[in-house]
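Below is one structure, written out as structure tokens; the observations come after it.
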Amino acid sequence: MHRLLLSRTLPRLGRVFASSEATTTAKSLTETKKAASTDAGEYLLPGGPLAEFFDKEENFGKAELRPKQRPGRSWTSEELRLKSNLDLHKLWYVLLKERNMLLTMEHAYKIRQRPFPNPERLDRVRESMENIEEVVHERNTAFLQLETGDSADPPMRTVTSFAGFTYQKQATEHLLPADITGEKEYETPYLDESAYVTQKLWAEKQHLKKMHDADQARYRERFSHDQASRYGKGDRRVFNAPEQLPQ
Amino acid sequence: MTTRISRLWQPGNPQNRVFFPDFWLKVVETPKVGYKRLPKNAAKFEIDQRMSRTDVREYLEKIYKLPVRDVRIENKLGDITWNAPLDKEKRRAIWKDDDRKFAYVYFAKEIEFNYPVIFTETDEVTEDLEKMKKFLAEDHNNEKFVNRDRAGIGNFFGV
């Protein structure tokens, strides 16, 4: 079963998004567009050696693709959770090649100031790839929590910038420990005078913004009752029927 | 592990492997004449900024199964829009485009690559454009109203 999938996913399919009709991967995988050989020696595809970077000939120069050529929606996380790791790995590369093809075509259209047909294809590929990452991250976390107790999230450190602002950053690996090199980026350093003053002024400004917003909210609240129109400025009130007269 | 997390490598460590590479590659056109023309077995790619020439080689050999002979990298600074371009001392940059990285990839001699012709003169888009232009050229309706307060002075002194 896996062997079947292997020979069918490696050619550039480009249409392995789950469309509304295709309910299973088997169905979408049997739609092979090019029977490109997977042997290392045979790299000459019918449309040229780099044909995988370009769309089909019938889609060249179009302002919008025909319905049959439009791919379906992106892969959702629920669908991807059902797939094995091998399938996800293969799908990643299918999506990667599709993305490269779309970027190449987009560039060709952009430099001629022409609209790229169906640009949502790029968004769908990106979403599918993000979902694959999410699912793989979940599986990694589950495995690592069993084995080590830590999750698969990369370790983060709080770094202080020159102006005194703190932000999160991924921890990097170092060859030598900090007490030899004397460098430790994520310690809380003493701020110099200008940085200290910047932080104090920043805190003051944030506080004033909050007070200002609260003031505005209270002002608006005063006029949120029925008699509000009596205090508001505007044109003369117009009554189109006796029912609209004030009681 | 991934391209999003960098891992240190020291001699003696096993190969650093990336299972879900995030890198992208675009094929870019090159002129057919002139000094920037590339040989038939070469192609120009725009690549992700984080890629090195070994990354490009591995990418094309393993994912696209292409026989790569040589990869050369060009880093191109993005265009800067100055407020006063000629005043080199005191000009200020208003906008800078992103930097771009290009790879000139030379394949084995057997490979012959020609960038495909994507746009022709007879596209349906260009046909529609031509039709519209023709229609507008024959539409003289506005000319009756545009200069009606000019006492027939004509266009010599500008509109």
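Neighbours of B:Lys131 by Cβ distance under 12 Å: Lys/Arg scored +1, Asp/Glu scored -1, total -3. If you take the square roots of the eigenvalues of the alpha-carbon gyration tensor of the stretch B:47-159 and sort them as a ≥ b ≥ c, do you get rounded (a/c under 1.5), prolate (a/b over b/c) or oblate? Because a/c hits 1.5 or more and a/b fails to exceed b/c, the stretch B:47-159 counts as oblate. How would the stretch A:96-243 be classified by its alpha-carbon gyration tensor: rounded, prolate or oblate, with rounded meaning a/c under 1.5 and the a/b versus b/c comparison settling the rest? Cα axes put the stretch A:96-243 in the oblate bin. Judged by the ratio a/c of the largest to the smallest principal axis of the C-alpha gyration tensor, the protein assembly as shown counts as oblate, that ratio being 1.5 or greater while a/b is no larger than b/c. Calculated FRET efficiency, B:Arg92 to B:Glu124, Cβ-Cβ distance, R0 = 51 Å: about 0.65 to the nearest 0.05.
Using the Cβ-Cβ distance between A:Asp123 and B:His140 with R0 set to 51 Å, the FRET efficiency works out to roughly 0.70. Looking at the stretch A:62-163, the trypsin sites (Lys or Arg not before Pro) that sit in a DSSP loop and have at most 10 other Cβ atoms within 10 Å of their own Cβ are A:Arg112.
Structure note, pairs A:Lys205/B:Lys90; A:Lys68/A:Lys90; B:Lys32/B:Lys88: Cα-Cα distances above 31 angstrom occur for A:Lys205/B:Lys90; B:Lys32/B:Lys88. Of the residues B:Ile118, B:Ile73, B:Ile47, the one that moves most in a GNM of chain B with alpha-carbon contacts below 10 Å is B:Ile118.
The aspartates and glutamates whose alpha-carbon is closer than 18 Å to the alpha-carbon of A:Lys200, local same-chain residues fewer than 8 away aside, are A:Asp192.
Gap in Å between the Cα centre of the stretch B:53-97 and the Cα centre of the stretch A:155-172? Rounded to whole Å, the Cα centres lie 29 Å apart. At a Förster radius of 45 Å, what calculated FRET efficiency corresponds to the Cβ-Cβ distance of A:Ile180 and A:Lys68, to the nearest 0.05? So the FRET efficiency works out to roughly 0.10. Relative contact order for chain B: 19 percent, from Cα pairs under 8 Å spaced at least 6 residues apart, divided by residue count.
Under a cut-off of 23 Å between alpha-carbon atoms, report the lysines in cross-link reach of B:Lys36, not counting same-chain residues fewer than 8 places apart. In chain and number order, the partners are A:Lys110, B:Lys26, B:Lys44, B:Lys76, B:Lys101, B:Lys109. Within the same chain, aspartates and glutamates fewer than 8 places from A:Lys169 are excluded, and of the rest, those with a Cα less than 17 Å from its Cα are A:Asp153, A:Glu183, A:Glu185, A:Glu187. Can you give me the C-alpha center-to-center distance between the stretch B:119-159 and the stretch B:98-115, rounded to a whole angstrom? The two parts, judged by their Cα centres, are 44 Å apart.
Read-outs: derived from the displayed coordinates by stated rules, not from any lab. Remember, predicted model here, so these are calculated numbers, not experimental data. Counting neighbours? That spans all protein chains shown, and the Cβs are built from the backbone with ideal geometry, glycine included.
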